[in-house]
Amino acid sequence: MAEKINKKDYPLVLLKAVQKMHEDVRAFVEENISVVEITRETDFEIDITDVDTESNFKFLISNPKYANQNVSILVVYSPESIESTAPRRFNIIDKSLLEHLTYWVKLVRSYDNIRTTKEEKVLREYEEEFFDKFEIIDEDADVKPYNLEIQLAFDKFLTHTIKVLEEDKEENQPLIDEATDFKENLTKLTKKETIRRLSKLFAKVRQKSLSLVNKIFEEAKKEGLKRLIGGGFDSIGGLLESVI
């Protein structure tokens, strides 16, 4: 964990620029939540990654400095272009950060739009179907996490999901890894990020087997998770009940 800075060791102009940087980046990421997510955020650092758990694409922001009436930021991102997946490392002026971030997200989105197989296309459609069913109406869904009770409900549900998947560990290992990573990062996710991760997991399980979806969700209903999580989970419940 990065050591917390003493803000009074830094020029106010730098701190204001950094504050705006955080606000702008969070807003941009939330607008592109289906593609990227913030995986680490400290006073002077932001790590943004591809939501695809099999991807190594990253956009790292760090080391803000004030000099000559400008704030500079160190940026490292990969892929660097359509021709190379290698990382690019350079310093930029803070005002151009969103321009570079937009370019990088377009690259990641372009990769996501490549569908070499029918299975990939179907998986994406399943994910969007699940995500749309939640219809998150909370105004703070982009910035706030679920409360403790709901996080515990998700934790319990994911623990059960992993247990079911481990009945055929060799066949389901990628799903186990994804569910485990989701469980371990629950407390770091906003409501919207949580639902996006859940939608991805449900989509992959559904593509694997409808009987597996049924087995996972039946236990969730027995444990009252649907009641605890509320509206969005009721929508997912209705969807699952319509396909199993």
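The values are calculated or read from the model by the stated rules, or taken from the named source; none is laboratory data. Just so you know, these numbers come straight off a predicted model, no measurement behind them. Positions of Cβ are generated from backbone atoms using ideal geometry, with glycine treated the same way; all protein chains shown enter the neighbour counts.
Residue count for segment 96-120 under the criterion of being closer than 15 Å to E37 by Cα and either in contact with a Leu (Cβ under 6 Å, 6 or more places away or on another chain) or not hydrophobic (A, V, I, L, M, F, W, C) (or both): the result is 4.
If you check D132, D181, D138, which single one turns out to be under 17 Å from S34 (Cβ atoms), surrounded by fewer than 21 Cβ atoms within 10 Å (Cβ to Cβ) and not assigned by TED's automatic domain parsing to the domain that holds A27? Before the answer, list the steps.
Numbers: D181 fails: under 17 Å from S34 (Cβ atoms); D138 fails: under 17 Å from S34 (Cβ atoms).
Of D132, D181, D138, the one residue that is under 17 Å from S34 (Cβ atoms), surrounded by fewer than 21 Cβ atoms within 10 Å (Cβ to Cβ) and not assigned by TED's automatic domain parsing to the domain that holds A27 is D132.
Would you please name the residue that is surrounded by the fewest Cβ atoms within 10 Å (Cβ to Cβ), looking only at residues in segment 198-217 that are under 18 Å from F154 (Cα atoms) and touching a residue at least 60 places away in the same chain (Cβ under 8 Å)? Checking each candidate, the answer is K204. Residues of segment 76-105 that are in a strand (DSSP E or B), surrounded by fewer than 14 Cβ atoms within 10 Å (Cβ to Cβ) and not aromatic (F, W, Y): S81, S84, R89, N91, I93.
For segment 1-32, a residue qualifies if it is over 20 Å from T102 (Cβ atoms) and of a type in the set (D, E), and the qualifying residues are E3, D9. Across segment 141-178, what is the number of residues that are within 18 Å of I38 (Cα to Cα) and not in a helix (DSSP H, G or I)? Counting residues in segment 141-178 that are within 18 Å of I38 (Cα to Cα) and not in a helix (DSSP H, G or I) gives 6. If the condition is being within 15 Å of D47 (Cβ to Cβ) and either β-branched (V, I, T) or in contact (Cβ under 8 Å) with a residue 40 or more places away in the chain (or both), then segment 59-99 contributes F59, I61, P64, I73, V75, V76, L97.
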